[in-house]
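Input: a single structure, listed below in structure tokens.
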Amino acid sequence: MIVGAGAGLVAAATGAYAGRDEIERWWWRVSGRERPRTDGALDHAGAEWVAASSANWRRASRPDDYTIDRIVVHVVQGSYGDALDVFRDPLHEAAAHYVVRKDGHIAQTVRELDVAFHSGNRRFNERSIGIEHEGYVDRPAGFTDAMYTASARLAAGICARYRIPVDRTHLVAHSEVPGTDHTDPGPHWDWDRYLRLVREAAG
């Protein structure tokens, strides 16, 4: 615990940082440059819109106010329905932009222009799009061909929209996000296969 004058300095610095960040984000809105939006609009054709609770994401105008240069790959540790249930729960305080089911069906829960609370790291949230996958990190059989294919097409579209290179620097595991204590997607996620499929879909 930081006490005394040191604590005051840290609090002041944190407050100044937060205030500057808030000004940067709101500038896009008051200047009339906020990106137009329609409730329930999809960024990925064929996805199902299942809105996350507004407590689990933050309104933004990406990529104008924050550059998008990462995709974070998650695994639910549960079912597709489990993921949607917790993303709709305002007490959960987290949601990814997309959820991919074993059969390849995709739900979008947060617009890409908004900041989803999915990685446990504020700066990573602001720069990334989160893709959640049904399943468990220790059950590789749950990562089906349909899931890999659908997720790869989704990722390829995201990479094309924001000019994100298809490599392991820019497509990352949740476990690789700085400061996280998560282990997903785990050792059974086939990154070589996934990147190959993303590149094929992009091509």
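The values are calculated or read from the model by the stated rules, or taken from the named source; none is laboratory data. In this text the structure is predicted, and so the values were computed from the model without any measurement. Note: ideal-geometry Cβ built from the backbone for every residue, glycine included; neighbour counts use all protein chains shown. Keep in mind that these areas ignore ligands, DNA and RNA; they rest on the heavy atoms of the full protein, side chains included. Shrake-Rupley method; radii C 1.70, N 1.55, O 1.52, S 1.80 Å.
Worth pointing out:
- Scanning segment 74-88 for residues that are open to solvent by 60 Å² or more (accessible area, probe 1.4 Å) and part of a loop (DSSP other than H, G, I, E, B) turns up Gln77, Arg88.
- Residue list for segment 31-62, restricted to those being more than 13 Å from Val99 (Cβ to Cβ) and either touching a helix residue (DSSP H, G or I) at 6+ places or on another chain (Cβ under 6 Å) or of a type in the set (A, V, I, L, M) (or both): Glu34, Ala41, Leu42, Ala45, Ala55, Ala60, Ser61
- Tally of residues being of a type in the set (A, V, I, L, M) and either over 21 Å from Gly157 (Cα atoms) or touching an Asp or Glu at 6+ places or on another chain (Cβ under 6 Å) (or both) across segment 67-120: 11
- Counted residues, segment 126-141 - those being more than 11 Å from Ile106 (Cβ to Cβ) and open to solvent by 10 Å² or more (accessible area, probe 1.4 Å): 7
- Test for Arg139: is it more than 24 Å from Ser79 (Cα to Cα) and charged (D, E, K, R): no
- Residues that are small (Gly, Ala, Ser), in a loop (DSSP other than H, G, I, E, B), out of contact with any Ser or Thr (no Cβ under 6 Å at 6 or more places or on another chain) and open to solvent by less than 30 Å² (accessible area, probe 1.4 Å) occur at least once in segment 60-73.
- Some residue of segment 7-20 being over 21 Å from Ala155 (Cα atoms), modelled with pLDDT of 95 or more and not hydroxyl-bearing (Ser, Thr, Tyr): no
- Apart from one condition, Arg25 fits all of (1) touching an Asp or Glu at 6+ places or on another chain (Cβ under 6 Å); (2) modelled with pLDDT of 95 or more; the exception is (2).
- Across segment 142-178, the number of residues qualifying as open to solvent by less than 80 Å² (accessible area, probe 1.4 Å), in contact (Cβ under 8 Å) with a residue 24 or more places away in the chain and assigned to a loop (DSSP other than H, G, I, E, B) comes to 8.
- Single condition Ala94 does not satisfy, out of (1) outside any loop (DSSP other than H, G, I, E, B); (2) of a type in the set (A, V, I, L, M); (3) within 11 Å of the chain's Cα centre (by Cα): (1)
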